[in-house]
Amino acid sequence: MLMRKSVMNILAAVCMAAVLCSCSFLGGTNGETAQKTEFLAMDTYMSATAYGEGAENAVTLAKDEVQRLDKLWSVTDENSEIYAVNGSGEVTVSGETLELISFMLDMAKRTGGALEPTLYPVVKAWGFTSGENRVPSSDEIQSLLQNVGYEKVSVSGNTVTLPVGVMLDTGAVGKGYASDKAAQVLKENGVKSALIDLGGNIVLVGKKPDGEDWKIGVRDPDGDGVVGIISASDCAIVTSGAYERNFTVDGTVYGHIIDPKDGRPVDNDILSVTVIASEGRLCDALSTALFVMGKDGATEHWRTHKDFEMIMLCKDGQAYVTEGIADRFEAEEHSEMKINVIEG
Ligand code: ADP
Ligand code: MG
């Protein structure tokens with residue numbers, strides 16, 4: 001049976017949005033009223049919650065910003081700049097799109113191609129962009145991989161050139177990038193306390209209005225609950241896992257994160273990886289790439305760069321947590337998961 005979780009999530013979100021309208025009032029802490037807006041963009045359910053003066057206007061502007069970027073960067077919207085680049089091979093793009101593409105290329109280099117921005121033809125063949133999932137043959141994958149490789153993309157000024165057949169995919173980084181822009185909009189509008197959640201790409205602006213850290217749950221990859229809680233403020237938190245979007249054929253589960261080396265869904269020792277860093281774009285790019293690298297590769301990447309922290313939930317039932325976040329991550333009360341600290 002083919003199943004596409006995101007469609008179900010979106011249907012649920014549409015129903016919720018219909019009940020709540022786009023803005024809803026929630027009880028805040030310390031007398032502050034929360035202003036929350038919920039919306040759909042980038043094929044997922046999103047929300048922004050802000051506190052304090054000007055918050056109502058600010059969350060609406062943040063939503064507008066994310067929806068504007070979705071129009072610019074969607075791989076399927078015929079009017080987007082990424083669609084234009086993918087279609088004609090040479091396009092002059094806006095400064096923002098250039099920034100996104102340059103960032104994706106930098107991260108591809110940094111991760112040795114584990115983050116592969118030109119994977120679109122392969123992702124498409126597995127049906128992850130259309131929802132019509134299928135298992136492509138090895139021959140088909142091999143032939144599509146001929147057109148994959150970030151070094152094939154050339155950028156000169158604002159002009160991006162792709163050889164015929166090469167196509168960009170913004171799926172692994174777009175939400176993270178948009179979350180930073182949304183946070184910027186909130187801050188420009190005077191917000192000092194907010195939580196942005198773009199389909200699991202979280203950005204925390206300041207602390208909670210009562211001055212405490214935010215508490216963010218890390219989802220159980222095998223169930224609906226959370227396995228632990230991160231206490232944090234003023235940072236971004238992004239999780240990648242195969243459970244987020246997948247389909248099952250003949251008992252085999254195929255996840256939406258693809259190993260660029262073989263063009264097949266990643267199947268290694270990691271169930272999910274959560275990245276904590278100052279910016280959403282870095283967290284988003286890394287969570288996808290570290291998932292591809294597996295536990296040892298991800299650990300080595302952390303030791304080399306140290307500009308992020310991570311929590312890996314692995315198939316051995318254990319959590320592997322870098323030392324900089326270990327004292328801010330607490331396992332759920334009834335969890336039997338063992339937490340191992342990764343040291344530098
Ligand atoms: P999500 O979008 O669920 O938050 P990710 O940020 O990990 O998850 O991005 C996964 C998406 O990125 C896939 O749906 C696909 O479009 C694209 N993708 C899959 N594998 C890779 C990869 N190795 N490098 C870059 N993009 C990828
Ligand atoms: Mg990502």
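To two decimal places, what compactness ratio does the chain give when its Cα radius of gyration is scaled by 2.2 N^0.38 Å?
That ratio works out to 0.97.
Strictly over 32 Å apart at the Cα level, which of Lys192/Lys338; Lys208/Lys306; Lys71/Lys109; Lys215/Lys315; Lys63/Lys261 would you flag in this model?
Too far apart for the 32 Å limit: Lys192/Lys338; Lys63/Lys261.
With runs of 4+ DSSP H residues as the only contributors, calculate the mean residue ellipticity of the chain at 222 nm using -39,500 (n - 2.57) per run, divided by the residue total and rounded to the nearest 500.
Theoretical 222 nm ellipticity from helices: -10500 deg cm²/dmol.
Under the classification rounded if a/c is under 1.5, otherwise prolate if a/b is larger than b/c and oblate if not, where does segment 148-288 fall, given a ≥ b ≥ c as square roots of the Cα gyration tensor eigenvalues?
In terms of gyration-tensor shape, oblate.
What share of all Cα pairs of segment 257-344, in percent, falls into each consecutive 5 Å distance bin?
Once binned at 5 Å, the Cα pair distances of segment 257-344 give 3, 15, 26, 25, 18, 9, 3, 1.
With every protein chain left in place, what is the accessible area of Glu309 in Å² (1.4 Å probe, nearest 10)?
Looks like 40 Å² after rounding.
Could you compute the net charge surrounding Ser138? Neighbours are other residues with a C-beta less than 11 Å from the C-beta of Ser138; K and R count +1, D and E count -1.
After counting each charged neighbour, the total is -2.
Asp222 label point, 7 Å along Cα→Cβ, cut-off 18 Å on backbone N: hits in segment 238-254?
Residues passing the 18 Å test: 241-244, 252-254.
If I model a spin label at Asp106 and Lys315 as a point 7 Å from the Cα along the Cα→Cβ vector, what separation in nanometres do I get?
Label-label distance for Asp106 and Lys315, simple model: 3.5 nm.
Quick one: if the Förster radius is 41 Å, what FRET efficiency do Glu212 and Glu151 give, using the C-beta to C-beta distance and rounding to 0.05?
With R0 = 41 Å, the Cβ-Cβ based efficiency is 0.30.
Could you rank the peptides 279-290, 148-159 by their average count of other C-beta atoms within 10 Å per residue, with the highest value first?
In descending order of packing, they fall as 279-290, 148-159.
Just add up the charged neighbours of Lys152: K/R +1, D/E -1, any other residue whose Cβ is under 14 Å from the Cβ of Lys152.
Here the count lands on -3.
How large is the convex hull of the C-alpha atoms of segment 61-163 per residue, in Å³?
It comes to 117 Å³ per residue, whole-number rounded.
Show me, for segment 304-311, the HN-Hα J-couplings you get by feeding each phi into the Karplus relation (A = 6.51, B = -1.76, C = 1.60, θ = phi - 60°), rounded to Hz, glycine and proline as x.
6, 9, 6, 9, 7, 10, 8, 10
Give the accessible area for Tyr51 in Å² (nearest 10); use a 1.4 Å probe, count only protein heavy atoms, and leave out ligands, DNA and RNA.
40 Å²
Using alpha-carbon pairs under 8 Å, 6+ residues apart, how would you state the relative contact order of the chain in percent?
Relative CO of the chain lands at 16 percent.
Lys and Arg at +1, Asp and Glu at -1: add these up for the other residues within a Cβ distance under 11 Å of Thr274 and post the number.
Residues close to Thr274 contribute a combined charge of 0.
Going by average Cβ density within 10 Å per residue, which order do the peptides 215-223, 167-175, 269-277 take, highest to lowest?
Per-residue Cβ counts within 10 Å, averaged per peptide and sorted highest first, yield 167-175, 269-277, 215-223.
Order 118-124, 185-191, 138-144 from most to least packed using the mean count of other Cβ atoms within 10 Å.
Ranked from most to least packed, the peptides come out as 118-124, 185-191, 138-144.
The values are calculated or read from the model by the stated rules, or taken from the named source; none is laboratory data. Since this is a predicted model, take the numbers as computed values, not measurements. Cβ sites come from the backbone with ideal geometry, for glycine too, and all protein chains shown count toward neighbours. All accessible areas refer to the heavy atoms of the entire protein, side chains included, with ligands and DNA or RNA removed. Shrake-Rupley method; radii C 1.70, N 1.55, O 1.52, S 1.80 Å.
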